[in-house]
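As structure tokens, the structure follows; a few thoughts come after it.
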Amino acid sequence: MSESSGVLKKEARQLLQLALPLMGAQLFQMGMNITDVIMAGRYSSVDLAGVALGSSVMWPVVILMMGLIQAVTPTVAQLNGAKDYAEIGEVIRQGLWMGFIGGLLGSLVLFNIAPLYGLADVDPAAAAVSIEYLNMIARGLPALACFFCLRYLCDGTGFTHAALVIAAIALLLKIPLNYVLIYGRFGFPELGGVGCGVAHAIIMWAQLLLILVVVTRKRFGYTKWMSKFSAPEWIRIRALLIIGIPIGLTLFAEVGIFSLTTLLLGRYGAEVVASHNIAMSIAGFMFMMPLALGHGSTIRIGFRLGAGEIKGAGITAGIALSMTVLFAIVGALFVLMFREHLVAIFTTDPAVRELSVVLVLFVVFFMTFDATQTGAIGCLRGFKDTRVPMMIALFSYWVVGLPLQCALGFGWLGEPMGVYGFWIGLSAGLGVAAILLCRRLWYVHGNEPLIMSLAG
């Protein structure tokens, strides 16, 4: 085996050591969402549609909030690589302020979301469930935001197993909580789909308590994040926001287009929304490994840059993107072969099942695009390059994808294609994003002056 081949294999192992626990954590997180879909769906199709619509509104808010705080990950990773441990503690203290305030603002949005459903002309019965579901979720957002900040301390220092263990515990709690609160067992009221929201809020607070158990251990003592109290410092918060705002808007642009698609499909009735949500749940499940590799590449590239290994960071980016595409292709083939069995897990309704199987074919088509753009974004975040990827995402999803969705779905260019037109537009937006983001990564990874300026 040549020396270069050995280096590549070693780096691939390093990435997998970071990514596999993150993939597990994301699968458990997806498991909580799938649990909501399955259990609400078996309660009633209206409750399933309400939970699906609520999730489509909740996730853009959560993702935007999470993205702002995600600036902590590459910042901590670079500081860790540079062995500037004392500065890590200050980053975390300021990140917690960002998280707490962001969580309160997110709660305020969800508490006042009802007018959106009227504008989107959503089915009234599903909207009623969705609004109450979001009112429950809002009560947990401050805890969730602070959890993310402390989790990113673990991730940025390479201890990604913490996210895995906490997500596993959260799923184990979610299933019985859903059962009790949806169906009204053991003296609790029968809340239907709204019970999913109550359970979710409880889990958010439980996750914060669990991450506190982790980060107060001796292994994180070197960061001194608990050594003193720090009031909010605008200079430090501004430095995080310069990185975090583009991350948040990038995530919001992607998740937002998926969520808006669900809202626009709300006018076609509960069966279409339910089928769409099932297809998206399958896509999200298969997306977990590419997403984990993207996050792992952020950590690994950040660490190598902090350690002064600029050329090595470029090698990591190439390996990470190649692995991401490979996993996506394997996942797409799996979905193609077993799509009918996968859909059967989610629903027993024949009409919903028939449409879901067709929509899953679109998942097979766009999985490679989605994985590629996510892998490229993850690598670029490791370089702290977040502003240009944000602009690419906004252009791809909202200038290319959304108009094409509406034109095909509503029939602006001919015969209305309904749900199929929306999925074609979605696929096109992801394809454009994948191409442009890969071009940006190619430009950045070999540009040492730009890399040094971004590291700041």
Just a yes or no: is a residue in segment 265-274 closer than 17 Å to Q70 by Cβ, touching a residue at least 12 places away in the same chain (Cβ under 8 Å) and either buried (at least 23 other Cβ atoms within 10 Å of the Cβ) or in contact with a Cys (Cβ under 6 Å, 6 or more places away or on another chain) (or both)?
no
Quick one: in segment 142-198, which of the residues that are among the hydrophobic types (A, V, I, L, M, F, W, C), touching an Asp or Glu at 6+ places or on another chain (Cβ under 9 Å) and in contact (Cβ under 8 Å) with a residue 24 or more places away in the chain is surrounded by the fewest Cβ atoms within 10 Å (Cβ to Cβ)?
A162
Test L15 against the stated conditions and say whether it is surrounded by fewer than 24 Cβ atoms within 10 Å (Cβ to Cβ), touching a Ser or Thr at 6+ places or on another chain (Cβ under 7 Å) and at pLDDT 85 or above.
yes
Under 7 Å by Cβ, and 6 or more places apart or on different chains, what pairs join a residue from segment 10-28 that is farther than 9 Å from M288 by Cβ with one that is of a type in the set (D, E, K, R) and surrounded by 22 or more Cβ atoms within 10 Å (Cβ to Cβ)?
Q14/R300; L15/R300; L18/R300
Considering each of I301, I257 in turn, give the residue that is modelled with pLDDT of 80 or more, farther than 17 Å from G156 by Cβ and among the β-branched types (V, I, T).
I257
Taking interchain pairs and intrachain pairs at least six residues apart, which have beta carbon atoms under 8 angstrom, with the first residue in segment 364-384 and free of Cβ contacts under 8 Å to residues at least 40 places away in the same chain and the second outside any loop (DSSP other than H, G, I, E, B) and of a type in the set (G, A, S)?
V364/A332
Among (1) within 23 Å of Q70 (Cα to Cα); (2) within 20 Å of the chain's Cα centre (by Cα), the one test that N277 misses:
(1)
Members of segment 387-401 that are out of contact with any Ser or Thr (no Cβ under 7 Å at 6 or more places or on another chain) and either crowded, with 21+ Cβ neighbours inside 10 Å or on the phi > 0 side of the Ramachandran plot (or both)
I392, S396, Y397, G401
In segment 45-87, which residue that is among the β-branched types (V, I, T), over 14 Å from the mean Cα position of the chain (by Cα) and buried (at least 24 other Cβ atoms within 10 Å of the Cβ) is nearest to M204 (Cα to Cα)?
V51
Exactly one of G99, G95, G106, G158 is under 21 Å from the mean Cα position of the chain (by Cα) and on the phi > 0 side of the Ramachandran plot, and that one is G158
Yes or no: F252 surrounded by fewer than 21 Cβ atoms within 10 Å (Cβ to Cβ) and part of a helix (DSSP H, G or I)?
no
Return yes or no: is M337 part of a helix (DSSP H, G or I), of a type outside the set (G, A, S) and under 23 Å from G421 (Cα atoms)?
no
Would you say F327 is aromatic (F, W, Y) and surrounded by fewer than 21 Cβ atoms within 10 Å (Cβ to Cβ)?
no
Verdict on L321 being crowded, with 18+ Cβ neighbours inside 10 Å, within 26 Å of M32 (Cα to Cα) and touching a residue at least 60 places away in the same chain (Cβ under 8 Å):
no
Can you work out which of the residues in segment 202-225 that are in contact (Cβ under 8 Å) with a residue 12 or more places away in the chain and within 20 Å of A86 (Cβ to Cβ) is surrounded by the fewest Cβ atoms within 10 Å (Cβ to Cβ)?
R219
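To keep it simple, each residue is scored yes or no on (1) touching a Ser or Thr at 6+ places or on another chain (Cβ under 9 Å); (2) within 30 Å of V57 (Cβ to Cβ).
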residue: L210; (1), (2): no, yes
residue: V213; (1), (2): no, no
residue: T216; (1), (2): no, no
residue: F229; (1), (2): no, no
residue: I237; (1), (2): no, yes
residue: T250; (1), (2): yes, yes
In segment 178-208, anything aromatic (F, W, Y) and more than 24 Å from M58 (Cα to Cα) is listed as F186, F188
Scan segment 348-366 and tell me whether some residue there is within 25 Å of G296 (Cβ to Cβ), crowded, with 20+ Cβ neighbours inside 10 Å and touching a Gly at 6+ places or on another chain (Cβ under 8 Å).
yes
Give me the residue from segment 319-347 that is under 24 Å from L265 (Cβ atoms) and touching a Gly at 6+ places or on another chain (Cβ under 9 Å) and, out of that set, modelled with the lowest pLDDT.
T347
If we keep only residues of segment 113-131 that are in a helix (DSSP H, G or I) and among the small types (G, A, S), then the residue surrounded by the most Cβ atoms within 10 Å (Cβ to Cβ) is S130
Within segment 414-456, which residues are within 30 Å of E271 (Cβ to Cβ), outside any helix (DSSP H, G or I) and either touching a residue at least 24 places away in the same chain (Cβ under 8 Å) or touching a Leu at 6+ places or on another chain (Cβ under 9 Å) (or both)?
G414, P416, M417, G418
Which one is nearest to G269 (Cα to Cα) among residues in segment 89-147 that are modelled with pLDDT under 90 and among the acidic types (D, E)?
D123
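The values are calculated or read from the model by the stated rules, or taken from the named source; none is laboratory data. Quick caveat, the model's predicted, so the values are computed rather than measured. Glycine gets a Cβ as well: all are built from the backbone with ideal geometry, and neighbour counts include every protein chain shown.
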